[in-house]
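Asker: Take this structure, written in structure tokens, and hold onto it; I'll ask about it next.
Just so it is clear, none of the values below were taken in a lab; they were calculated from the coordinates. For clarity, every value in this text was computed on a predicted model and none was experimentally measured. Ideal geometry is used to build each Cβ from the backbone, glycine not excepted, and the neighbour counts take in all protein chains shown.
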Amino acid sequence: MKLIEGSTVAAAVYSDCHAELTALKSLGRVPGLAVILVGDDPASRAYVGAKERKCQELGLHSEKIELPFTVSQSELIDHIQRLNADPAIHGVLVQMPLPKSLCEQTVIRAISPGKDVDGLHPVNVAKLAMDDPSGFAPCTPLGCQRMLQESGIDVAGKHVVILGRSLLVGKTLALLLMRRGSGADATVTVAHSKSENLPALTRQADILVAAIGRPGLVGADHVKDGAVVLDVGINRIEDPSTKKGYRLVGDVDFDAVAPKCRAITPVPGGVGVMTIAMLMANTIRACHLSRQ
């Protein structure tokens, strides 16, 4: 069984980023990423802090805008429009989830498609569906695809079963893997919580991607021998024996499933590490595209 560690794959992504940044900076250009944080959710604050630190580490220009939980939708959109017009900013990301008083879809639509490095604007979703390479795809699915490529796992002609149908992961990853070309050409099935006889369905997978947000849902009976398993789930469960009082687990029962696998990702330390890496890559790409 091979363990696919996110840090190893992310290092390859960052190596590419350094090369591209050197070329851009020789032309006097520095990619810029702006992140908007609304409210004071601890998990969101931690994610934003990690993104900010990675920008500093790589040498990207970064801007963090912190807004109160009570911010109005019009005020939030005013900030987005300012960033849309700022030539020093190439990527704009609004940290989700937002307070229930704000409409996430309206906020996403306010971001310029060319700066939507989270890949959630309808224009970018349509470009992905139409195989238009000028768009952006969400970072987590891109990270999954890159993990497979860097691990030497050819998906062409293979049956990939994706457990989860969110736009952020499941739907988008299906579109990425169904495309023609490198890292794609797969046969894809998307399953979800309403799918009947789920274990029988997931056992058909050469490559199984779990992204449904239910801790330990995928057990040994869900996986055929020799399958590749990517665990996208990140779930907190109480654990009084730990310092924080909780631990992170995936959607896969790792101990039960790993012995059956050709390769598997851990949680933590697997797919989650790739999300920030692909965000950096998308931001650098947005800088390249801004002058074309």
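Asker: What is the range 237-292 by shape, rounded, prolate or oblate, if you read a ≥ b ≥ c off the alpha carbon gyration tensor as root eigenvalues and call it rounded for a/c under 1.5, prolate for a/b larger than b/c, and oblate otherwise?
Answerer: Cα axes put the range 237-292 in the oblate bin.
Asker: Leaving out same-chain residues fewer than 8 places away, which aspartates and glutamates sit with a Cα under 15 Å from that of Lys100?
Answerer: Asp40, Asp41
Asker: Another question about this same structure. How are the alpha carbon pair distances in the range 145-275 distributed across 10 Å bins from zero to the largest one, expressed in percent?
Answerer: 13, 46, 32, 7, 1
Asker: Are there any helices in the chain, counted as whole DSSP H runs, that stretch 20 Å or more along their axis by Cα and score at least 0.0 on average by Kyte-Doolittle, and if so which?
Answerer: Helices meeting the span and hydropathy rule in the chain are 6-26, 271-289.
Asker: In nanometres, what is the gap between the two model label sites at Arg214 and Arg179, each 7 Å from Cα along Cα-to-Cβ?
Answerer: According to this spin-label approximation, the distance is 3.1 nm.
Asker: In addition: Which of the listed residues, Pro215, Gly250, Ala277, is farthest toward the dipole's positive end in the range 176-292, when Lys, Arg count +1 and Asp, Glu count -1 at the beta-carbon?
Answerer: Ala277
Asker: Same structure again: Hey, with R₀ at 22 Å, roughly what FRET efficiency would Arg291 and Gln81 work out to, going by the Cβ-Cβ distance, to 0.05?
Answerer: The formula returns an efficiency of 0.55 here.
Asker: Find how many whole Å separate the alpha carbon centroid of the range 1-43 from the alpha carbon centroid of the range 81-143.
Answerer: 17
Asker: Considering amide H positions built from the backbone, and no H for Pro or chain starts, which residues 5 or more places from Lys158, or on another chain, come under 5 Å of its amide H?
Answerer: Thr187
Asker: Sticking with this structure for a sec: Could you tell me the distance between the Cα centroids of the range 186-226 and the range 235-292, to the nearest Å?
Answerer: 18
Asker: Further, regarding this structure: Note the full-extension length gain between Ser74 and Ala23 as 0.36 nm times their separation in residues minus their Cα-Cα distance, in nm to one decimal.
Answerer: Gain on stretching Ser74 to Ala23: 14.5 nm.
Asker: Let me ask something else. Could you compute how fast the range 86-179 diffuses translationally, taking Rh as the Kirkwood radius over C-alpha pairs and applying Stokes-Einstein at 4 °C with viscosity 1.567 mPa s? Give it in µm² per second.
Answerer: Estimated via Stokes-Einstein, D reaches 90 µm²/s.
Asker: Let me ask you something else. Work out Dmax and Rg for the chain from the C-alpha atoms and quote the Rg first, both in angstrom.
Answerer: Cα radius of gyration and Dmax of the chain are 19.1, 57 Å respectively.
Asker: For the range 1-145, I need the span (max minus min coordinate) of the C-alpha atoms along each principal axis, in Å, sorted largest to smallest.
Answerer: Projected onto its principal axes, the Cα set of the range 1-145 covers 44, 44, 34 Å.
Asker: Can you list the lysines whose alpha carbon sits under 16 Å from that of Lys64, skipping same-chain ones fewer than 8 residues off?
Answerer: Partners within reach: Lys51, Lys54, Lys115.
Asker: Once the piece of chain linking Ser193 and Tyr246 is laid out straight, how much longer is it, given 0.36 nm per residue of separation minus the C-alpha distance between them?
Answerer: Net length gain for the segment: 16.5 nm.
Asker: Sorted by average packing, counted as other Cβ atoms within 10 angstrom per residue and highest first, what order do 141-151, 188-198 take?
Answerer: My ranking of the peptides, most packed first, is 141-151, 188-198.
Asker: Return the calculated 222 nm mean residue ellipticity for the chain, to the nearest 500 deg cm²/dmol, obtained by summing -39500 (n - 2.57) across DSSP H runs with n ≥ 4 and dividing by the residue count.
Answerer: -12000 deg cm²/dmol
Asker: Which ³J(HN,Hα) values in Hz, rounded to whole numbers, follow from the phi angles of the range 105-111 under the Karplus curve 6.51 cos²θ - 1.76 cosθ + 1.60, where θ = phi - 60° and Gly and Pro get x?
Answerer: 5, 5, 5, 4, 5, 6, 6
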